[in-house]
């Protein structure tokens, strides 16, 4: 069979660009779609304007941002890049509905690679909707977009390897960093030392960041976390406490600090809305949420659809790069651009590295797994769903009335029906319902079609949905 049409890749982050480069090396053209104005994804996109310097970012990160752009430029003869383009969902068999500005069109494919990445997991607490409380990704976006300080006096709270990284970036940007509060205990990290040594270079980079914080008198608090924040109109104080093993705040251990911005990070959730619309098979993952089923070569339950990167499980940039290349190799083999022996030989190194990345990441996952104490940080009037103004007491009421699944909770409270379609509130709702029912499988919120709004001006041109 002769294959002439380009492979379509959704996402121009690490996984998507790595897949496109691997395909190009095999002589296969690809079309790469991304809603952002630049390639690199949230991690390696860098500033929107080329002239901006980023002295506050680590030199290795700046090099990685440069490398992903260089890889694209070296292979751009085989890569058609369509930025500022949103994928709205499937449009019949083997085609996508896409929107660029106000133009909506269909894009056919023989093979599709979904590399849509992830979004941050929101953990609500008393005062979390107050101006000045930001997720880590929002803080990093400001820093990477051109040295915009999110605040003057800040603290970083949550769990995971991003906490010390963001603290270092903030300090280098001129922010007064008052402390880093890691919910995991120091002993938890010690227990996972073997897992973390699967990627010794990354482990050493982490140790270097901790040393940098210590050298600059920025305290690292282990086994502590957020309780609440307060202020009149804007954030003025953050209140912390030591946590139990299940992350309940321990009475009598509270401390408060004055600040104008708080960076919060409790992990990420895979962006799987597109894979759901394709009705692919999924599993429930306690770390990344709903997780598409894939085989060793990143192939989904549908023969010609592959999934790579954080959209199939949170592994970070290195894992995304490897998975993108593995998916591309599989397609190259299917198109007979490489033999099975050549594909297997090249993939062996990728599989080895991927397993090390997974083992490394599993250590952090065990340290930072969400625990039931986080569910206790809300007062009855704390807003859970910002879009529909749904409070914790609203959710309490329907649980007491016997709601047994997330869809029923959504229908009864409207949590998850707003513009963000549950990206902000769904994690809490699922965790809360699963905890109350003592069953983690409470279903999932199904995405709507189209994934993004379509302007009336586009519909006036005769687009059929």
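Details
- For beta carbons closer than 8 Å, sequence separation of 6+ or different chains, a first residue in segment 61-76 that is not assigned by TED's automatic domain parsing to the domain that holds residue 29 and a second that is part of a helix (DSSP H, G or I) and surrounded by fewer than 17 Cβ atoms within 10 Å (Cβ to Cβ), there are no qualifying pairs.
- Segment 376-397 - residue that is in contact with a helix residue (DSSP H, G or I) (Cβ under 6 Å, 6 or more places away or on another chain) and part of a strand (DSSP E or B) and, of those, farthest from residue 418 (Cα to Cα): 384
- Residue that is farthest from the chain's Cα centre (by Cα), among those in segment 232-255 that are over 19 Å from residue 378 (Cβ atoms) and at pLDDT 95 or above: 252
- Qualifying residues in segment 406-431 (those that are over 21 Å from the mean Cα position of the chain (by Cα) and assigned to a helix (DSSP H, G or I)) - the one nearest to residue 369 (Cα to Cα): 406
- Test: residue 327 is under 27 Å from residue 200 (Cα atoms) and assigned by TED's automatic domain parsing to the domain that holds residue 112: yes
- Residue list for segment 274-292, filter: modelled with pLDDT of 95 or more and under 14 Å from the mean Cα position of the chain (by Cα): none
- Only listed residue being part of a helix (DSSP H, G or I), in contact (Cβ under 8 Å) with a residue 60 or more places away in the chain and within 25 Å of residue 248 (Cα to Cα), chosen from 373, 434: 373
- Filter pass, residue 214 being surrounded by fewer than 18 Cβ atoms within 10 Å (Cβ to Cβ), at pLDDT below 95 and within 26 Å of residue 261 (Cβ to Cβ): no
- The combined condition, being buried (at least 21 other Cβ atoms within 10 Å of the Cβ), more than 28 Å from residue 103 (Cβ to Cβ) and not assigned by TED's automatic domain parsing to the domain that holds residue 90, is fulfilled by residue 422.
- Qualifying residue in segment 350-362 (condition: within 17 Å of residue 265 (Cα to Cα) and surrounded by 13 or more Cβ atoms within 10 Å (Cβ to Cβ)): yes
- Any chance residue 127 is within 25 Å of the chain's Cα centre (by Cα) and outside the structural domain of residue 328 (by TED's automatic domain parsing): yes
- Only helices (runs of 4 or more DSSP H) whose full extent lies in segment 133-211 are considered here, and the ones with at least 3 residues that are more than 29 Å from residue 355 (Cα to Cα) and touching a residue at least 40 places away in the same chain (Cβ under 8 Å) are 136-144, 162-172.
- Test: residue in segment 285-298 that is surrounded by fewer than 16 Cβ atoms within 10 Å (Cβ to Cβ), out of contact with any helix residue (DSSP H, G or I) (no Cβ under 6 Å at 6 or more places or on another chain) and in a strand (DSSP E or B): no
- Test: residue in segment 90-106 that is modelled with pLDDT under 95, part of a loop (DSSP other than H, G, I, E, B), crowded, with 20+ Cβ neighbours inside 10 Å and on the phi < 0 side of the Ramachandran plot: yes
- Checked against (1) under 17 Å from residue 9 (Cα atoms); (2) in contact with a strand residue (DSSP E or B) (Cβ under 6 Å, 6 or more places away or on another chain), residue 297 meets all criteria but (2).
- Matching residues in segment 248-275 - criterion: being under 30 Å from residue 446 (Cβ atoms) and part of a loop (DSSP other than H, G, I, E, B): 266, 267, 271, 272
The values are calculated or read from the model by the stated rules, or taken from the named source; none is laboratory data. Small disclaimer: the values here were computed from a predicted structure and weren't measured. Reconstructed Cβ throughout: ideal geometry from the backbone, glycine too, with neighbour counts over all protein chains shown.
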